[in-house]
Amino acid sequence: GKTLDLNFGADQPGTADAYYTTPLDTVCMRQNVTPVPQLGFTFRLTERLGAGFGLIFPSQMPSGQWGGPNGLIDTPNGLRPAATRYMLMNTGSIGLFPTIGLGYRLAKWLRVGAAFEWGMYGVDLTNMTAAAGGGTNPKNDVISRTRVTDWFVPAVNASVHLVPIDALDIVAALRWSGDMQADGVLSLTTGVFDPRFVPRTTDERATLFWKLPWKLRGGIRYADRLAPRPSGTGQGEGRLSGSRVHDAMEDERWDVELDVEYQLNSRAAEQRVVGEPGQFVIFQLPNNMTSMTAFPSAPRPNASSDIVLKKNWTDQISARLGGTYNVLPGRFAVSLGAHYETRGLDPSYMQIDFWPVSRIGLHAGIKIRVARRIDFLASYSHIFQETITVAAPGANTDTAQTIT
């Protein structure tokens with residue numbers, strides 16, 4: 001392909017001055033369209049024992065690309081490197097969690113549950129890295145693409161459900177997750193931005209080590225009941241409509257629920273990439289001569305020469321409060337709610353791949369039953385999210401990078 005000299009070297013005056021002294025250019029993500037189907041069903045094995053299965057996709061940031069494939073954007077000043085190139089240029093990561101769970105009623109007031117998740121991760125990340133001793137001069141940039149997979153990351157959910165009175169539910173739950181050890185390929189492409197070199201891609205084996213967050217949850221719900229809570233299938237019990245299962249739209253006038261979650265994001269505060277020993281970044285000249293720069297690598301995940309990606313995520317607390325009022329029981333219901341999340345990162349390490357920032361959300365919805373087994377739902381949410389300005393200590397914030 002065509003090699004472009006961007007004229008940003010310190011030894012090349014002119015446009016280099018503007019690049020190094022003016023604010024960074026704006027770049028937006030061109031988002032990928034990714035189907036995220038969800039599948040789940042539950043069934044009763046006995047009057048006391050129930051089971052469920054689900055094929056669940058996790059909640060994550062959208063995937064997409066910032067700038068062109070090589071981290072360039074077109075501006076009034078010509079082609080320039082995207083401001084996000086050292087953070088992220090492209091992401092196509094995805095996860096899948098087949099889950100199976102069991103719930104057992106030990107007594108009328110006590111239930112316990114457990115679920116096992118089989119986590120499967122595919123990580124595909126592309127960004128720039130600087131060759132040793134090259135600083136941030138774009139001519140020394142190396143395109144780094146990590147493609148790794150881990151086909152088995154176990155996770156376990158456990159819960160306790162108390163029913164002290166018929167109208168009250170209290171639940172506590174814990175989610176434990178194993179750690180990721182994803183194997184694959186690290187591709188390094190050199191010579192893209194300097195006409196003195198020939199673009200060259202080197203593929204090496206690599207492993208991504210990453211400790212995943214744990215979660216502790218609690219919730220309490222009160223309902224103004226129109227009918228008593230059924231036991232098991234409810235066979236032989238008095239019901240408003242003869243249904244054998246609990247239906248909040250028919251059995252309750254209104255309810256209110258509060259949920260609180262503590263997320264141990266600090267476990268995932270860093271990612272570690274371990275390559276094969278003796279790797280090099282190779283710059284190839286037109287005459288097939290090469291210039292090699294040592295590439296940090298080591299055979300052990302705790303070696304000091306590993307590539308460590310600092311995230312500095314911190315633990316988060318989130319709370320959700322909401323309720324539903326059945327205007328016409330069994331026919332029409334209105335819901336309102338709100339939620340709040342604390343900030344879960346050090347602002348100095350704000351990135352574009354994960355946004356655990358402080359948020360407040362307001363939510364509303366309606367539910368209309370159009371047939372015995374068909375409900376129509378419509379909802380609206382508005383999220384208020386903090387703005388974080390990223391700048392070096394003592395820097396002029398007018399030229400800093402703002403993430404909103």
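The values are calculated or read from the model by the stated rules, or taken from the named source; none is laboratory data. Worth saying up front: this structure is predicted, and the values here are computed from it rather than measured. Counting neighbours? That spans all protein chains shown, and the Cβs are built from the backbone with ideal geometry, glycine included. Areas reflect the complete protein model, heavy atoms only, side chains present, ligands, DNA and RNA absent. Shrake-Rupley method; radii C 1.70, N 1.55, O 1.52, S 1.80 Å.
For LYS310, the lysines whose Cα comes closer than 18 Å to its Cα, not counting residues fewer than 8 places off in the same chain, are LYS211. Using heavy atoms of the protein chains and a probe of 1.4 Å, the accessible area assigned to ASP203 is about 100 Å².
When TYR340, TYR121 are compared by accessible surface with a 1.4 Å probe, the order from highest to lowest is TYR340, TYR121. The candidates ILE366, ILE388, arranged from most to least accessible area with a 1.4 Å probe in the full protein assembly, appear as ILE366, ILE388.
In the stretch 113-218, what trypsin sites (Lys or Arg not before Pro) fall in a loop by DSSP, with at most 16 other Cβ atoms inside 10 Å? Here the sparse-neighbourhood loop sites are ARG196.
Annotation: SER381 carries an accessible surface of approximately 70 Å², with a 1.4 Å probe and no ligand, DNA or RNA atoms counted. A 1.4 Å probe run over the stretch 157-212, with the rest of the protein chains in place, finds 45 Å² accessible per residue.
Carbon and sulfur atoms: what percent of the 1.4 Å accessible area of the stretch 21-122 do they account for? It is 65 percent, rounded to a whole number.
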